[in-house]
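Below is one structure; the comments refer to it alone.
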Amino acid sequence: MQELPYRQIRQSAKLSGVCYDIRGPVLDEAKRMEDEGHRILKLNIGNPAPFGFEAPGEILHDIIMGLPSAQGYCDSKGLFHARRAVVQHYQERGIHGVDVEDVYLGNGVSELIVMSLQALLDDGDQVLVPAPDYPLWTAAVSLSGGTPVHYLCDEGADWFPDLDDIAAKITDRTRAIVVINPNNPTGSVYSRELLEGIVDLARRHGLLILADEIYDKILYDDAEHVPLASLAPDLLCLTFNGLSKAYRVAGFRSGWLMLSGPKTHAANYIEGLNILANMRLCANVPAQHAIATALGGHQSIRELILPGGRLRAQRDKAYELLTSIPGVTCVKPRGALYAFPRIDPEVCPIADDEKFVLDLLLQERILVVQGSGFNWPTPDHFRIVTLPHVDDLDDAITRIGKFIGSYRQ
Ligand code: PLP
C-alpha cells in the first residue's frame with residue numbers, strides 16, 4: 001500500500017513544560033520489561049490496592065447498593081447527600097460557614113486540581129508550589145498557562161516549608177499558594193504554627209489558598225493534622241481530598257474540593273469553576289455513593305496506622321532500612337505513604353537521577369521515582385512507597401542499598 005503524505009500531528013504547545021514523571025519514561029521501560037516476562041517490584045505509585053490493602057467492606061457494599069440509581073448523569077457538582085457529608089465532615093474539623101453548594105465532587109482530586117487552576121490562571125500568573133511537590137500541581141499550573149514558582153521545603157527542618165523563601169518569592173503576579181499536608185513525597189506533617197505562618201503570608205498578599213489534604217488521615221506517631229482552612233476563616237481556601245488513599249479505592253476515582261471563607265469577592269472565579277464543572281458533566285456517579293459512608297463510617301485506616309498496624313510497621317521498616325544504607329539519610333515520614341531519602345553525593349555522586357532510577361530498574365528490577373520528578377532541584381533524592389509488606393521492603397531496600405554501594409555514573 002502506498003504511504004499517504006500524512007501531515008505531522010504534533011502535541012499542543014500548551015504541553016511544553018508539562019511533565020508527570022511518576023508515570024514517565026522509566027515506567028514505560030518497566031512495562032516493556034514486564035512484557036518480556038520480568039517481574040518488576042513497583043515502588044513508584046501510591047496505589048494501596050495492588051499491595052493487598054482492601055477497601056472497607058461498607059464502601060463496596062454502598063457502591064453496589066447505589067449502582068441501580070447511578071445510571072444517569074447527576075448534578076455537575078455531585079450528589080447532594082455526598083456533598084452534605086463533606087460539609088458536615090469539615091464542620092466537625094473546624095471549617096464553618098460552608099454549604100453544599102461549596103462542594104464539587106470530581107473524578108479524583110486530580111481532575112479538581114486541573115479545574116481549579118484552569119479557572120484561575122491567565123498566562124504568566126504565578127502559583128507558589130512546594131519543592132519537592134506532588135508533580136501534578138506543577139504540571140497543572142503550566143498547563144493552565146501559569147508559571148509554577150517553587151518554594152523550598154527544608155530537609156533540615158523536617159521538610160517544613162521555608163516561610164522566608166515563600167515571602168521572597170511573592171510578586172504582584174502571584175495568585176495562589178499550594179500547600180500539600182501531609183506531604184507527598186516527604187511524609188512531613190506541618191505544625192499549627194507553620195500553617196499559621198503560611199496563612200499570614202496569604203492574608204497579607206491576597207493569595208488564594210489551595211490545600212491538598214488527601215493524606216489527612218494517614219498519620220504516624222503523635223502527628224496531628226490541622227486543616228489549613230480552619231486557620232483561615234477570613235480567606236478563600238480550596239480544600240482537596242478524596243477516597244483514593246485513606247479508603248484505598250484509588251481506582252474508583254472519587255474526590256472533592258470544598259470552598260471556604262468569604263466568596264463575594266471571588267464570585268467571578270467561582271462562576272469559572274462552575275463552567276468547568278458543567279463542561280465535564282459530572283463525576284463518576286457510582287463512586288459518589290461511597291463518600292457519605294466513608295466519611296461517616298468506621299475509620300478502618302486507624303487500624304493500619306496505629307502501633308502494630310500494617311502501614312505503621314512498613315513505615316518503620318522502610319525508615320530503618322533506608323537509614324542503615326551508608327550515605328543515605330531520610331527524614332522520618334510522619335504521614336502519607338512515602339519516604340524521600342537523600343543519597344550523599346560524596347558517597348555516590350549522581351549527575352542524572354532519572355538515569356539512576358533507570359539503572360536501578362534494569363539491574364535490580366525495582367521501580368522508584370527520581371527526586372527531580374517531584375521538582376526537587378538537585379539529583380540526590382528518590383521516592384519509594386511504603387506500601388509493600390515488610391518482607392518485600394526488606395528485600396527491595398537491601399538490594400537498593402547494595403546498588404547504591406556499587407553505583408557509579
Ligand atoms: N494529591 C496528592 C498529594 C497525591 O499524592 C495524589 C495521588 O497520589 C493526588 C492528589 C491525586 O489523587 P486522586 O486519586 O484523588 O486523583
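What to note about this one:
- Rel. contact order, % - alpha carbon contacts under 8 angstrom, at least six apart, region 83-206: 21 percent
- Charge dipole of the chain about the Cα centre (unit charges at C-beta), most positive-ward option of Leu362, His81, Ala202: His81
- Loop-located trypsin sites (Lys or Arg not before Pro) in region 306-409 (DSSP state not H, G, I, E or B) with no more than 13 neighbouring Cβ atoms inside 10 Å: Arg408.
- The simple Förster model, with R0 at 35 Å and r as the Cβ-Cβ distance, assigns His389 and Val18 a FRET efficiency of 0.50.
- Note on region 274-342: with charges restricted to the Cβ of Lys and Arg (+1) and Asp and Glu (-1), its dipole about the Cα centre is near 140 debye.
- Counting only DSSP beta bridges with both residues in the chain, the antiparallel share comes to about 50 percent.
- Placing unit charges on the Cβ atoms of the charged side chains and taking the dipole of region 299-409 about its Cα centre, the candidate lying farthest along the positive direction among Ser372, Phe403, Ile350 is Ser372.
- Computed over the chain, relative contact order equals 22 percent, with contacts defined as Cα pairs under 8 Å that lie 6+ residues apart.
- Nitroxide proxy distance, nm - points 7 Å out along Cα→Cβ at Asp99 and Ile275: 2.2 nm
- Aspartates and glutamates with Cα under 15 Å of Lys245, excluding same-chain neighbours fewer than 8 positions away: Glu54, Asp212, Glu213, Asp216, Glu303
- Net charge contributed by nearby residues that have their C-beta within less than 14 Å of Ser372 (K/R +1, D/E -1): -3
- Kirkwood radius, region 244-392, all distinct C-alpha pairs, inverse of mean reciprocal distance: 18.9 Å.
- Farthest towards the positive end of the charge dipole of region 116-164, among the residues Leu143, Val129, Ala157, is the Cα of Leu143, using unit charges on the Cβ of Lys, Arg, Asp and Glu.
- Note on Lys402: aspartates and glutamates with a C-alpha under 12 Å away, same-chain residues under 8 apart excluded, are Glu364.
- Segment Glu3-Arg310, length gained on full extension (0.36 nm per residue, minus Cα span): 104.8 nm
- The sum of -39500 (n - 2.57) across all DSSP H runs of n ≥ 4, divided by the residue count of the chain, sets its helix-only mean residue ellipticity at 222 nm to -10500 deg cm²/dmol.
- Compared with the alpha-carbon gap, the fully stretched path from Glu346 to Glu303 is longer by 11.4 nm at 0.36 nm per residue.
- Magnitude of the charge dipole, region 293-409, Cβ model with Lys/Arg +1 and Asp/Glu -1, debye to 20: 360 debye
- Taking the Cα atoms of region 16-132, the ratio Rg/Rh between the radius of gyration and the Kirkwood radius comes to 1.04.
- Loop-resident sites, region 71-112, for GluC sites (Glu not before Pro), counting at most 11 other Cβ within 10 Å (DSSP): none
- Compactness of region 158-197 as Cα Rg over 2.2 N^0.38 Å, two decimals: 1.24
- The charge dipole of the chain, taken about the Cα centre with unit charges on the Cβ atoms of Lys, Arg (+1) and Asp, Glu (-1), comes to about 780 debye, rounded to the nearest 20.
- Rg over Rh, two decimals, region 74-205 (C-alpha only, Kirkwood Rh): 0.98
- Long-range tail of P(r) for region 352-409 (Cα pairs > 16 Å, %): 41 percent
- The modelled label-to-label distance for the pair Arg32/Asp165, using points 7 Å beyond Cα in the direction of Cβ, is 3.5 nm.
- Each 10 Å bin from zero up to the one holding the largest Cα-Cα distance in region 167-258 carries the following percent of pairs: 16, 46, 30, 8, 0.
- With eigenvalues of the C-alpha gyration tensor scaled by 5 and rooted, the chain, Å: 33, 25, 25
- Length gained when the stretch Arg203-Leu67 is fully extended (0.36 nm per residue, less Cα-Cα span): 44.6 nm
- Each listed q (0.14, 0.26, 0.28, 0.30 Å⁻¹) maps to a log10 I(q)/I(0) for region 181-230 from the Debye sum over equal C-alpha point scatterers, namely -0.35, -1.04, -1.14, -1.24.
Just so you know, all these numbers are worked out from the coordinates, no wet-lab data involved. Note that the structure is a prediction, hence the values are computed from the model and not measured. With ideal geometry, Cβ positions are generated from the backbone for all residues, glycine too; neighbour counts draw on all protein chains shown.
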